[in-house]
């Protein structure tokens, strides 16, 4: 089971996503500071690092940091919007540095929706180029991150099928419901979905992925909206495994260690059989209605056992 740290190496970005949780600034780490954080992850018993931003491919020292992490025995990944990965030579340079795993963020297979959310008319075209480059390179494992908003909630399964059918080398998907209190999302409340907006589409996605032998995780979605797939909740998995998450932010938050995962709950949650392994809902009362929640009555031990007994554990 991987113990990972997250490091923001830059807050610069080459897109202006209207749902961004970490809007761009000019802040960046020096390579020496980034190496020190790798060292700290190692001292604290970590074995992997997720390098993020902003957009980490805009960090000129990224190849050198990947090389250093590997030298120290810390397995590196990056989270990227794929725009710079559209350049084959650049993608190859990360492979040459030793990168073996990345998370590629995409909102929609519909060009207009992808452009609207990212404010980049060429966003989807560049993602396609990036995926084609990664297919050629072969050795870099690719996970797909899809942030759920009201703009893509009605066609999540369309995007999932498009990726799976055209890029079968992608094995893992992560779906992130928006945190309504995070930066640009809170300034654009019209993009925040109701749980009912994506309930059926998310189920279709997970059912399709399961049928096609893919793995998946879901963040910020209460278990009553994950029927049959409660085990895929990132927060529930961390509660069951008693895991923490360490993030090195490039703002006033600094180093943050998250050990508690519970958010807000409704009165009906007290009747739910899975209450103590579910985090509830973000933004209850302001962005989400109590009426959207309902108790589930399945044996929570079945959820716990499935999480603990999985052969392949993927951290997102």
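Computed quantities for the displayed model
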| quantity | calculated |
| --- | --- |
| Per-pair calculated FRET efficiency, R0 = 30 Å: residue 162 and residue 259 via Cβ, rounded to 0.05 | 0.20 |
| Segment 75-98 and segment 2-17: distance between their alpha carbon centers, rounded to Å | 14 |
| Computed [θ] at 222 nm, helices only, for the chain once each DSSP H run of length n ≥ 4 contributes -39500 (n - 2.57) | -10000 deg cm²/dmol |
| Relative contact order [Cα under 8 Å, 6+ residues apart], segment 148-232, whole percent | 41 |
| Per-residue Cβ neighbour rank within 10 angstrom, fewest leading, 237, 43 | 43, 237 |
| Antiparallel bridge percentage (DSSP; both residues within the chain; nearest 5) | 15 |
| Antiparallel DSSP beta bridges within segment 1-111, percent to nearest 5 | 10 |
| Cα-projected label distance for residue 43 with residue 100, points at 7 Å along beta-carbon direction, nm | 2.7 |
| For segment 159-217 and segment 267-310, distance of Cα centres in Å | 19 |
| Between helix 195-211 and the chain: long-axis angle, C-alpha atoms, 0 to 90°, nearest 10 | 70 |
| Acute angle (nearest 10 degrees) that the helix 88-97 long axis makes with the longest principal axis of the chain, alpha-carbon atoms | 90 |
| Degrees, to the nearest 10: 123-137 long Cα axis against longest axis of the chain | 70 |
| Whole-number percent relative contact order across segment 47-201, with pairs defined as alpha carbons under 8 Å at least 6 apart | 20 |
| P(r), alpha carbons of segment 4-309 - 20 Å bins starting at zero, rounded % | 32, 61, 7 |
| Most mobile of 221, 247, 174 in a GNM of the chain (Cα contacts under 10 Å) | 247 |
| Potential lengthening between residue 87 and residue 301 on full extension [0.36 nm per residue; Cα-Cα distance subtracted] | 72.3 nm |
| The chain: relative contact order in percent, alpha carbon pairs under 8 Å with at least 6 residues between | 16 |
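The numbers here are math on the coordinates, done by the rules we state, and not lab data. None of the values given here were measured: they were computed from a predicted structure. All Cβ positions, even for glycine, are placed from backbone atoms using ideal geometry, and neighbour counts span all protein chains on display.
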